[in-house]
Amino acid sequence: MEAVFTKVSADWNRKPYFDYFYHTIKTKYNITHHIDITVFRERIKDNKLKFYPSFLYLIMKAVNQNEAFRMSFNEAGDLGIWNFVNPSYTIFHEDDKTFSDVWSTYKPTFKEFYEEVTTDIEKYRHVKKIKAREGRPANFCPISVLPWLSFESFSQDTYHESNFLYPIIRFGKYYERDSKWLIPISIFVNHAVADGYHTCKLINDIEALGNEINDWI
């Protein structure tokens, strides 16, 4: 699948909102929610699949069906939308407690995606540097996991200006409550490209895809 960048049109309906939150009141925000993965977890276990690459698929499938989270600037400074984004995710080195970033090529079907990610994790799991895999493409979505904690909220910030528009997604340790399995997921968003509606839809889409696992596994 070839990556295609399309500039937003001159009559893009969100342009006044983009300009307001990008130039006038530069706003970014975080939403944390605990989603129900009961059905998803059960089917993953039944099929003896690894949780991490499987959950990455849920996230990336949802991201790629929401154009607000595929927006960026190109090298010429034009605002546009990619037809898809690739997962850029972290792997943890148990021996020295460091992590590395790895990216994989996005595949729309679960089987292909799972094979792609598990192969890349195995290939780069002993590479001890921040960017274990070089050459990350311009169309990517950063994801990381905190598997040691079922956090209630997550917040982050940077101390300098940035034109970064992609969401930054974190998820934590899943846990059981009231006979359901829940997992905390936090999404850091640039308000210029996504309002609360868009971010809530993304989170709800992730949960819905998990519940519909029998349709795509």
Sort out which residues of region 208-217 are in a helix (DSSP H, G or I) and open to solvent by 10 Å² or more (accessible area, probe 1.4 Å), and write them in order of number.
-> Ala208, Leu209, Asn211, Asn214, Asp215
Restricted to region 173-207 and to residues being without any contact (Cβ under 8 Å) to a residue 12 or more places away in the chain and in a helix (DSSP H, G or I), the residue most open to solvent (accessible area, probe 1.4 Å) is Tyr197
Name the strands (runs of 3 or more DSSP E) wholly inside region 66-115 in which the number of residues that are under 16 Å from the mean Cα position of the chain (by Cα) and more than 27 Å from Arg14 (Cα to Cα) is 1 or more.
-> 86-93, 98-103
Could you give every pair whose Cβ atoms fall below 9 Å, whose first residue belongs to region 1-25 and is touching a residue at least 40 places away in the same chain (Cβ under 8 Å), and whose second residue is assigned to a strand (DSSP E or B) and among the hydroxyl-bearing types (Ser, Thr, Tyr), counting only separations of at least 6 or pairs across chains?
-> Phe5/Ser72
Subset of region 108-143 [surrounded by 16 or more Cβ atoms within 10 Å (Cβ to Cβ) and either closer than 21 Å to Leu202 by Cα or aromatic (Phe, Trp, Tyr) (or both)] = Phe110, Phe113, Tyr114, Tyr124, Asn139, Phe140, Cys141, Pro142, Ile143
The correct count of residues that are open to solvent by less than 40 Å² (accessible area, probe 1.4 Å) and either touching a helix residue (DSSP H, G or I) at 6+ places or on another chain (Cβ under 7 Å) or more than 23 Å from Gln156 (Cα to Cα) (or both) in region 13-35 is 3
State all residues of region 75-91 that are loosely packed, with under 14 Cβ neighbours inside 10 Å and either touching a helix residue (DSSP H, G or I) at 6+ places or on another chain (Cβ under 6 Å) or on the phi < 0 side of the Ramachandran plot (or both); if no residue qualifies, say none.
-> Glu75, Ala76, Asp78
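The values are calculated or read from the model by the stated rules, or taken from the named source; none is laboratory data. A quick note: this is a predicted structure, and the numbers were derived from the prediction, not measured. Cβ atoms come from the backbone with ideal geometry, glycine included; neighbour counts cover every protein chain shown. Heavy atoms of the whole protein, side chains included, go into the accessibility calculation; ligands, DNA and RNA do not. Shrake-Rupley method; radii C 1.70, N 1.55, O 1.52, S 1.80 Å.
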